[in-house]
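**Student:** Have a look at the structure that comes next, please.
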Amino acid sequence: MSDTVGRRIRMVAGLLVLAELVVYVLVAQWIGVGWTILATLATSVLGWVLLARQGTKALADLRERARTRRSPGTELGNAGLVAAGGLLMVLPGFIGDVVGLLCLLPGTRNLVRGALTRLVVARLPDALRPPVRVESVRTAEVPRAADDVPPHGSGSTRLVIEGEVVRGPDGRPLT
């Protein structure tokens, strides 16, 4: 991590802690210190309950994807957002509780994922922004055999990309 990135992260973390303190003091002035402490404890308990429920569901979805050998894409993102949301809910602070709640609730999790996706894509170089197209100069059209049924449509040729296998089915390099 470069020094500039580390400095930015420390600055953002410091500003978030300051904002949490300001909100905490304002809430304490508004409803009283006792009620503020009680509300902090209640949101932490709520965070544990939601983390247990949503975390179990997210892990079950991941296990199902692994069992059926399908890509875990969205399920892996859900598990990460549930973990981050649970952590934010358990830690004291009302701003973190709101963001954590957005990550934990299934209805708002897609909004958080979309916002994070847009943030990451905006910071990518132009060549890596979706949709990424891969082109090869080593392709050839090969006529179809009579018994070869096309998967999509009824084309008479199929595209073959020349290449070589560098790892076997067990993951070890071929010699």
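**Student:** For the structure I just gave you, tell me whether residue 45 is β-branched (Val, Ile, Thr), closer than 18 Å to residue 87 by Cα and either at pLDDT 90 or above or in a helix (DSSP H, G or I) (or both).
**Tutor:** yes
**Student:** Right, another one. (1) surrounded by fewer than 16 Cβ atoms within 10 Å (Cβ to Cβ); (2) on the phi > 0 side of the Ramachandran plot: which one isn't true of residue 93, the others all being true?
**Tutor:** Just one mismatch for residue 93, condition (1).
**Student:** Also: Quick check on the stretch 71-98: of everything there that is assigned to a helix (DSSP H, G or I) and of a type in the set (S, T, N, Q), which residue is modelled with the lowest pLDDT?
**Tutor:** 74
**Student:** Also, I was wondering about something else. Here is a list: 67, 10, 53. Which entry is of a type in the set (Lys, Arg) and closer than 21 Å to residue 100 by Cβ?
**Tutor:** After applying the criteria, what remains is 53.
**Student:** Only one of these conditions is not met by residue 97: (1) over 25 Å from residue 13 (Cβ atoms); (2) of a type in the set (Asp, Glu); (3) in contact (Cβ under 8 Å) with a residue 24 or more places away in the chain. Which number is it?
**Tutor:** If we test residue 97 against (1) over 25 Å from residue 13 (Cβ atoms); (2) of a type in the set (Asp, Glu); (3) in contact (Cβ under 8 Å) with a residue 24 or more places away in the chain, just (1) comes out false.
**Student:** Against the conditions (1) surrounded by 12 or more Cβ atoms within 10 Å (Cβ to Cβ); (2) within 27 Å of the chain's Cα centre (by Cα); (3) without any contact (Cβ under 8 Å) to a residue 24 or more places away in the chain, where does residue 15 fall short? Just the number, please.
**Tutor:** (1)
**Student:** Let me ask you something else. Within the stretch 18-42, can you find the residues that are surrounded by 14 or more Cβ atoms within 10 Å (Cβ to Cβ) and hydrophobic (A, V, I, L, M, F, W, C)?
**Tutor:** Result: 19, 23, 27, 28, 39.
**Student:** Suppose we filter 101, 119 for residues that are part of a helix (DSSP H, G or I), modelled with pLDDT of 85 or more, exposed (fewer than 11 other Cβ atoms within 10 Å of the Cβ) and not acidic (Asp, Glu); which single one remains?
**Tutor:** When all the criteria are applied, what remains is 119.
The values are calculated or read from the model by the stated rules, or taken from the named source; none is laboratory data. Because the structure is predicted, anything quoted here is derived from the model rather than measured. Neighbour counts are summed over all protein chains in view; Cβ atoms, including those assigned to glycine, are modelled from backbone coordinates with ideal geometry.
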